[in-house]
Amino acid sequence: MSSSIRLNKLCKRYGEVDVLRGIDLEIPAGQTVSIIGPSGSGKSTLLRLLMTLDRPTSGTIEIDGESMWTQPDGSPASSAHVRKVRGKIGMVFQHFNLFPHMTALGNVIEAPIHVGGLSRDEAVERGRHYLDLVGLADKQDVHPAQLSGGQKQRVGIARALAMRPEIMLFDEVTSALDPELVGGILQIVKDLADKREMTMILVTHQMKFAERSCDRTLFFDEGNVVEDAPSEELFSNPKEPRTQQFLQAVI
Ligand code: ADP
Ligand code: MG
């Protein structure tokens, strides 16, 4: 199951700074979208708003046509409603954000037990399944400190998948990895995208990956979507001067 996403005039301001300046965006269920753009352009902020880690200053986020923060009559949504919408979304972070005192399996089963209401046995069975899926079947009892960066990120992906999200958000998930570990993580992401079971948004600096493996790419600059096109088109024939400059500088 995957969910559609719709943003209407989404704005986020921190103090005096307009970080997102009225984003309008529709992502159909099952699509894989990459977001590229300079540092500080608001890419992570957008993912954090989608993950309900922060609230918009104005504008709306709709998941499957349901507004995240407001009820149909415009009044504020209940916390139960926000939790329900958030439950459809999983996120993987650049710096893994694992619980250091828990094993790999402990990290993966935490939310299914405490948020999802699974029994410990059910969560362990599910957790083993997803650790196996990311190639870590033999590391379930190991703590994060004993894992390589690539292995930590595999745990991060398994942990998000274990909540069976309909939408997965990946924020520069290979940026903290040694170069030889990047390919393995991208392969996992590509395999997930190819299944089309989830809607996926990836903030990435891996331009070849965005071009080859994502249906669509957004170029972000200064809190706006400057260009939005099928990935092949955006990379081979960028229309906006700012996109052209950015791609020339990074490729
Ligand atoms: P990107 O991911 O594209 O590099 P971010 O979304 O992290 O950009 O940040 C965009 C801008 O918002 C930056 O100028 C950053 O300093 C600012 N910003 C992000 N989060 C916060 C916050 N919690 N408080 C204040 N400013 C923030
Ligand atoms: Mg960022």
Pairs, first within 16 Å of residue 88 (Cα to Cα) in segment 105-120, second surrounded by fewer than 16 Cβ atoms within 10 Å (Cβ to Cβ) and not basic (Lys, Arg), C-beta under 7 Å, six or more apart | none
Would it be correct to say that residue 98 is in a loop (DSSP other than H, G, I, E, B), more than 13 Å from ligand 1 (Cβ to nearest atom) and surrounded by 14 or more Cβ atoms within 10 Å (Cβ to Cβ)?
-> yes
Verdict on residue 145 being assigned to a helix (DSSP H, G or I), among the hydrophobic types (A, V, I, L, M, F, W, C) and within 24 Å of residue 53 (Cβ to Cβ) = no
Using beta carbons and a limit of 8 Å, which pairs, at least six apart or on different chains, have the first residue in segment 14-33 and closer than 13 Å to residue 62 by Cα and the second one assigned to a strand (DSSP E or B) and of a type in the set (Gly, Ala, Ser)?
-> 23/59
So residue 193 fits all but one of (1) under 15 Å from the mean Cα position of the chain (by Cα); (2) of a type in the set (A, V, I, L, M); (3) within 30 Å of residue 101 (Cβ to Cβ); what number is the exception?
-> (3)
Every residue from segment 33-60 that is within 11 Å of ligand 1 (Cβ to nearest atom), under 24 Å from residue 163 (Cβ atoms) and outside any helix (DSSP H, G or I) | 35, 53, 54
Scan segment 141-153 and report the pairs whose first residue is surrounded by fewer than 18 Cβ atoms within 10 Å (Cβ to Cβ) and whose second residue is among the aromatic types (Phe, Trp, Tyr), with Cβ atoms within less than 8 Å and a gap of 6+ or a chain change.
-> 149/96
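I'm checking my understanding of the structure. Among residues of segment 150-190 that are among the acidic types (Asp, Glu) and in contact with a strand residue (DSSP E or B) (Cβ under 9 Å, 6 or more places away or on another chain), which one is nearest to residue 209 (Cα to Cα)?
Within segment 150-190, the match that is nearest to residue 209 (Cα to Cα) is 172.
Counting only residues that are β-branched (Val, Ile, Thr) and under 15 Å from residue 68 (Cβ atoms), how many does segment 82-116 have?
Going through segment 82-116 one residue at a time, the tally reaches 3.
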Taking segment 55-83 on its own, how many of its residues are exposed (fewer than 12 other Cβ atoms within 10 Å of the Cβ), farther than 20 Å from residue 115 by Cβ and over 22 Å from the mean Cα position of the chain (by Cα)?
-> 5
Among the listed residues 203, 182, 226, 173, which satisfies the condition of being more than 18 Å from the chain's Cα centre (by Cα) and either surrounded by 18 or more Cβ atoms within 10 Å (Cβ to Cβ) or within 16 Å of ligand 1 (Cβ to nearest atom) (or both)?
-> 226
How many residues does segment 4-35 contain that are within 16 Å of ligand 2 (Cβ to nearest atom), touching a Lys or Arg at 6+ places or on another chain (Cβ under 8 Å) and not small (Gly, Ala, Ser)?
-> 5
Across (1) within 24 Å of residue 14 (Cα to Cα); (2) away from ligand 2 (no atom under 16 Å from the Cβ); (3) basic (Lys, Arg); (4) buried (at least 16 other Cβ atoms within 10 Å of the Cβ), residue 43 clears everything bar (2)
Cβ-Cβ below 8 Å, separation at least six or inter-chain, first residue in segment 178-205 and over 21 Å from residue 251 (Cβ atoms), second within 16 Å of ligand 1 (Cβ to nearest atom) and assigned to a helix (DSSP H, G or I): which pairs?
-> 201/47; 201/50
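Taken together, the values in this text are just the output of simple stated rules run on the coordinates, not laboratory data. No experiment lies behind these values; they were computed from the predicted model shown. All Cβ positions, glycine included, derive from the backbone under ideal geometry; neighbour counts span all protein chains shown.
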